[in-house]
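First comes the structure, then the notes that go with it.
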Amino acid sequence: MRAVQVTEFGGPEVLKLVELPDPVAGPGEVLIDVERIGVNYADTHQAENSYLAPSRLPLVPGGEVVGRTADGRRVVALLNGGGGYAERAVSAEAMAFPLPEGIDDLTALSMLVQGATAWILLRKNAHLDPGESVVVHAAAGGVGTIAVQLAKAWGAGRVIATASSDEKRALALELGADVAVDSRAENMTETLLEANGGKRVDVVLDMVGGTSTDQSLAALAPFGRLAFYGMAGRKQPKPVELRNLLGHSTTVAGMWLPHVFRLPGNVFGTALTELFDLAGSGAIRAIPGGEYALADARGAHEALRSRGTIGKLLLDPTI
């Protein structure tokens, strides 16, 4: 089969199209003929070995695919440890979710990781209450586009989107944000307070890092929550001093999606079912960010790392 392989860690240039033997499904696993592949920002960290879970060489990146099993079932699947950038992939049977009628490949892959991340951030980390203000950083991205829509659907009082271009800010407003501000603002604290009518904000969803995180934390209201789930800017925020959290009774929470599977009950399945229901009813929608040939996985990574993309990026393993 054709696959994209990494044999040395680095940037997009290390992604090489090669021929590899077909994977073999073991007990409790299922082999999937891949129709579309989801591209995540985490994949760029995996390729350079800067992800939370260390990578091992040689590596076929990618953690999510849509395709069909040998018995003809159409599934969207999470892969353990990679293997997704290929014409065939193996998933644990429990991580291959049947797709409802009417859910297309883009929607399926948008909801599997980015949608579930937005759901968990708002439900489990931020515990959003109706009427609260919500800041969504990178609001035109894969997680951000879903988070804006979910926050509005769940009764947020004011959704403040940040994005780096007029086009991205316009998209956030179209998706339901009440106001959209420039993510490159010199003082994000002042920008967020102004966008919230002079009041501090209740919830911030942040995957940027650096000064954006520092200044967003400073904008939180009493009992405000900052949910941190990535570091796209590749710059560490300042260390959080626990005593400083007392100043406004604020909370800083981290979220890494694999930890959800350690929770009692089927939290991930619940999230995915609700997301598919909302998408099926038209209450939320996936935003296409571009479809790339499998042979151009490098181009997809370059686009992501440029921070110029919107929505969900896909790879097509047939070209």
(request) Quickly work out the ARG262-to-GLU194 label distance, labels modelled 7 Å from Cα along the C-beta direction, and quote it in nm with one decimal. (result) 4.2 nm
(message) Student exercise: in the chain, how many lysine pairs 8 or more apart or on different chains have Cα atoms under 23 Å apart?
(response) 7
(request) Just need the relative contact order of region 1-150 here, percent rounded to a whole number, with Cα pairs under 8 Å and 6+ apart. (result) 22 percent
(request) Express as a percent, rounded to the nearest 5, the fraction of DSSP beta bridges in the chain (both residues included) that run antiparallel. (result) 50 percent
(request) For ASP182 paired with ASP129, estimate the spin-label separation in nm (one decimal), with each label point 7 Å from Cα along the Cα-to-Cβ line. (result) 3.5 nm
(request) Under 1.5 on a/c is rounded, so check that first for region 1-152, then, if it is not, pick prolate when a/b is larger than b/c and oblate when it is not; a ≥ b ≥ c are the square roots of the alpha carbon gyration tensor eigenvalues. (result) oblate
(message) Within region 205-224, name every residue whose backbone N is under 12 Å away from a label modeled 7 Å from Cα of THR251 along the Cβ vector.
(response) 223-224
(request) With a probe of 1.4 Å, find how much accessible area the chain has per residue, and write the answer as a whole number in Å². (result) 44 Å²
(request) For ALA293 and ASP33, calculate 0.36 nm times their separation in residues minus their Cα-Cα distance, and state this gained length in nm to one decimal. (result) 92.0 nm
(request) Determine the calculated [θ] at 222 nm for the chain from helices alone, applying -39500 (n - 2.57) to every DSSP H run no shorter than 4 residues and normalising by the residue count; nearest 500 deg cm²/dmol. (result) -7000 deg cm²/dmol
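Provide the net charge surrounding ALA286, with neighbours chosen by a C-beta distance below 11 Å and charges set as Lys +1, Arg +1, Asp -1, Glu -1.
With Lys, Arg at +1 and Asp, Glu at -1, the neighbours total 0.
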(message) Rounded to the nearest percent, how much of the accessible area of the chain (1.4 Å probe, protein heavy atoms only) is carbon and sulfur?
(response) 52 percent
(request) Could you work out the longest stretch of the chain that avoids the GluC sites (Glu not before Pro) located in DSSP loops with at most 13 other Cβ atoms within 10 Å? (result) 9-100
(message) Between LEU171, LEU59, LEU257, where does the largest GNM mean-square fluctuation fall for the chain, given springs only between Cα atoms within less than 10 Å?
(response) LEU257
(request) Report the trypsin sites (Lys or Arg not before Pro) located in region 1-94 that are in a DSSP loop and have at most 10 other Cβ atoms inside 10 Å of their Cβ, or state none. (result) ARG56
(request) Take each uninterrupted DSSP H stretch in the chain, measure its Cα extent along the helix axis, and return the ones at 15 Å or beyond whose mean Kyte-Doolittle hydropathy is at least 0.0. (result) 142-153, 267-281
(request) Identify the residues of region 231-271 with backbone N under 19 Å of a label point that sits 7 angstrom from the Cα of THR211 along the Cα-to-Cβ direction, or state none. (result) 231-240
(request) Quick one: order ASP43, ASP214, ASP22 from most to least accessible surface, probe 1.4 Å. (result) ASP22, ASP214, ASP43
(message) Need one number: nm distance between label points at ASN244 and MET1, each 7 Å from Cα along Cα→Cβ, rounded to one decimal.
(response) 4.7 nm
(message) Is there a quick way to get the dipole size of region 77-142? I mean about its Cα centre, with the Cβ of Lys and Arg at +1 and of Asp and Glu at -1; what is the value in debye to the nearest 20?
(response) 220 debye
(message) Let me cross-check SER165: its accessible surface, 1.4 Å probe, with only protein heavy atoms counted, in Å² to the nearest 10?
(response) 40 Å²
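The values are calculated or read from the model by the stated rules, or taken from the named source; none is laboratory data. This structure is a prediction, so every number in the text was calculated from the model and none was measured. Using ideal geometry, Cβ is built from the backbone for each residue, glycine included, and neighbour counts are taken over all protein chains shown. Surface areas here come from the heavy atoms of the whole protein model, side chains and all, with no ligands, DNA or RNA. Shrake-Rupley method; radii C 1.70, N 1.55, O 1.52, S 1.80 Å.
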